[in-house]
Amino acid sequence: MAESKSAKLLVEGKEIELPILSPTAGPDVMDIRKLYGQADVFTYDPGFTSTASCDSTITFIDGDKGELWYRGYPIEQLADQSNYLEVCYLLLYGELPTAAQMKDFETRVTRHTMVHEQMHNFFRGFRRDAHPMATMVGVVGAMSAFYHDSTDISDPQQREIASIRLIAKLPTIAAMAYKYSIGQPFVYPRNDLSYAANFLHMCFSVPAEQYRVEPALAKAMDRIMTLHADHEQNASTSTVRLAGSSGANPFACIAAGIACLWGPAHGGANQACLEMLREIGSVDRIPEYIARAKDKDDPFRLMGFGHRVYKNFDPRAKVMKESADEVLELLGIHDNPTLQVAKELEKIALEDDYFVSKKLYPNVDFYSGIILEAMGFPTAMFTPIFALSRTVGWIAQWKEMISDPQNKIGRPRQLYVGSPRRDYQDMGER
Ligand code: SDX
């Protein structure tokens, strides 16, 4: 970044000059790294609404225009013309692969899709009705107890093998979490299937009969994975970066990202959104829920709506909405009540001044659940699918941070508003 401009700050009569750094795209940033040393003050920004935590070359979002780029390529073009594994290569290495590079990468990922047989035992310890996200946090974290040949994160080769293992094994672990929850046997990955087709195979095939993956559903699954692959410094990515900044085991860092993604304000919104659409149930009940979403005294929010960055349509939601129509048509599902409620809810909300004035639009989680439910996934599997798709983004961001020579442990400060210093009192004096 060229350091071309600066900002002047007056703090208790002292003038502080702070460099302004200009990005490739998006807002300039004020470099406050020397602020505390020069002015003895912290900045204060709970939720990081105005704070850049790092510089990155991976993903860019223009919230006002509703644009999302992976390494400069618009998400619409990647969703339409690329595929998830090629997008993984792009996010990890920064450029689209040649045919030879893609074949080598695909082979390396394919050859790591099986998990250590010993890991099957971890599932046995969970109740069958455990949420698959709980299982995934546990089993992915347990990977840190298996791969002692990839714990030295200062070694690029070990970072590489840990990355490949995570991208390759997350679908297997997610499918195992699903199979375990429905009491069916685990299904091993098949190296002759594409990444998305393999995931559908591991989820829906059973030993008792042949299972053929419908190519159009595999393509829809692949597109959903691409749309979820990365998204700048969102909460779960920031969690992975912060965990990784201490030098922690990469598998444990991804487990931390899965834990954060689970929240309904983040990746858990796809499950919460479908449950909300089901609860609304019919178009005539939409006004009741719109009123609740607008009521300051009601904690209810329209799940799948709003975004910290997008103040326009989430471009992923647009692609997802088109895909929902295609998948339901393919599956011969007409007049799906949930989709009808979703489309009418979107229409009404986007004409309502509350949502318009607050720039609340459907986000990536608004339509995804409708497609996944139509494919046969229970709502509890929606966020695990988000997690396995986002693993490449977490890894790419983690690698970028670890290989940055300026990388240091993340350690925010605070505004202390607690008790002034006071002396201990014996029990009798209290
Ligand atoms: C993801 O960061 C990412 O990039 C995340 C993600 C990714 O790919 O990693 O895009 C994935 O997490 C998408 C978001 C999924 N979450 C939901 O759909 C849950 C519902 N949405 C919200 O809870 C909310 O919109 C957030 C959490 C997404 C964003 O919240 P912000 O940026 O902190 O905004 P806010 O809560 O301060 O809301 C601003 C105003 C508030 O009203 P006021 O206090 O200004 O009067 O908008 C209102 C909010 O009450 N508002 C909503 C609303 N979302 C915000 N009101 C009703 N329904 C909603 N959904």
(request) Filter the stretch 273-284 down to residues that are free of Cβ contacts under 8 Å to residues at least 60 places away in the same chain and within 10 Å of the ligand (Cβ to nearest atom), then give me how many there are. (result) 1
(request) Please state which one of Ser194, Ser205 is closer than 25 Å to Val115 by Cα and crowded, with 20+ Cβ neighbours inside 10 Å. (result) Ser194
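So which strands (runs of 3 or more DSSP E) stay within the stretch 1-98 end to end and still have 1 or more residues that are under 29 Å from Val356 (Cβ atoms) and modelled with pLDDT of 95 or more?
Values: elements: 3-11, 14-21, 59-62, 67-70.
Where strands (runs of 3 or more DSSP E) fall fully within the stretch 1-98 and carry at least 1 residues being under 29 Å from Val356 (Cβ atoms) and modelled with pLDDT of 95 or more, they are 59-62, 67-70.
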(message) I need a count of the residues in the stretch 285-313 that are near the ligand (Cβ under 7 Å from one of its atoms) and within 20 Å of Ala229 (Cα to Cα).
(response) 6
(request) Spot the failing condition for Leu330; the list is (1) within 13 Å of the ligand (Cβ to nearest atom); (2) at negative phi, and only one is missed. (result) (1)
(request) Answer yes or no as to whether Ser50 is surrounded by fewer than 16 Cβ atoms within 10 Å (Cβ to Cβ) and over 21 Å from the mean Cα position of the chain (by Cα). (result) no
(request) Kindly list the number of the only condition in (1) near the ligand (Cβ under 9 Å from one of its atoms); (2) surrounded by 23 or more Cβ atoms within 10 Å (Cβ to Cβ) that fails for His266. (result) (2)
(request) Within the stretch 231-249, track down each residue that is in a loop (DSSP other than H, G, I, E, B) and away from the ligand (no atom under 11 Å from the Cβ). (result) Ser245, Ser246, Gly247, Ala248, Asn249
(message) On the basis of being surrounded by 13 or more Cβ atoms within 10 Å (Cβ to Cβ), in a loop (DSSP other than H, G, I, E, B) and within 24 Å of the chain's Cα centre (by Cα), does Ala134 make the cut?
(response) no
(message) It is to be established whether one or more residues within the stretch 23-36 are within 20 Å of the chain's Cα centre (by Cα), among the charged types (D, E, K, R), surrounded by 12 or more Cβ atoms within 10 Å (Cβ to Cβ) and not assigned by the TED database to the domain that holds Ala396.
(response) no
(message) Given (1) under 30 Å from Pro215 (Cα atoms); (2) assigned by the TED database to the domain that holds Ala229; (3) more than 16 Å from the ligand (Cβ to nearest atom), identify the lone condition not met by Ile258.
(response) (3)
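Out of everything in the stretch 346-379 that is aliphatic (A, V, I, L, M) and within 11 Å of the ligand (Cβ to nearest atom), what residue ends up being nearest to Pro215 (Cα to Cα)?
Taking the stretch 346-379 and keeping what is aliphatic (A, V, I, L, M), we get 348-350, 356, 360, 364, 370-372, 374-375.
From what is left, the residues that are within 11 Å of the ligand (Cβ to nearest atom) are 349, 360, 364.
Working: Ala349: 35, Leu360: 35, Val364: 23 Å.
Filtering first and then ranking leaves Val364.
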(message) Tell me which helices (runs of 4 or more DSSP H) are completely within the stretch 285-363 and hold 2 or more residues being touching a residue at least 12 places away in the same chain (Cβ under 8 Å) and farther than 25 Å from Gly47 by Cβ, or say none if there are none.
(response) 286-294, 315-330, 337-350
(request) Confirm whether Ile224 is within 16 Å of the ligand (Cβ to nearest atom), at pLDDT 95 or above and touching a Ser or Thr at 6+ places or on another chain (Cβ under 7 Å). (result) yes
(request) Identify the residue in the stretch 362-402 that is over 18 Å from Cys203 (Cβ atoms) and surrounded by fewer than 24 Cβ atoms within 10 Å (Cβ to Cβ) and, among all such residues, is farthest from the chain's Cα centre (by Cα). (result) Ile402
(request) Return the total of residues in the stretch 392-412 being among the β-branched types (Val, Ile, Thr) and over 14 Å from Arg241 (Cβ atoms). (result) 1
(request) Give me the pairs, please: first residue somewhere in the stretch 195-222 and over 23 Å from Phe386 (Cβ atoms), second residue anywhere and in a loop (DSSP other than H, G, I, E, B), beta-carbon distance under 8 Å, and either six or more positions apart or on two chains. (result) Val206/Gln184; Val206/Pro185; Val206/Val187; Pro207/Pro185; Pro207/Val187; Tyr211/Ser205
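The values are calculated or read from the model by the stated rules, or taken from the named source; none is laboratory data. Only a predicted model underlies this, so the values are computations on that prediction, with no experimental measurement involved. When we count neighbours, we look across all protein chains shown, and the Cβ atoms used for this are built from the backbone with ideal geometry, even at glycine.
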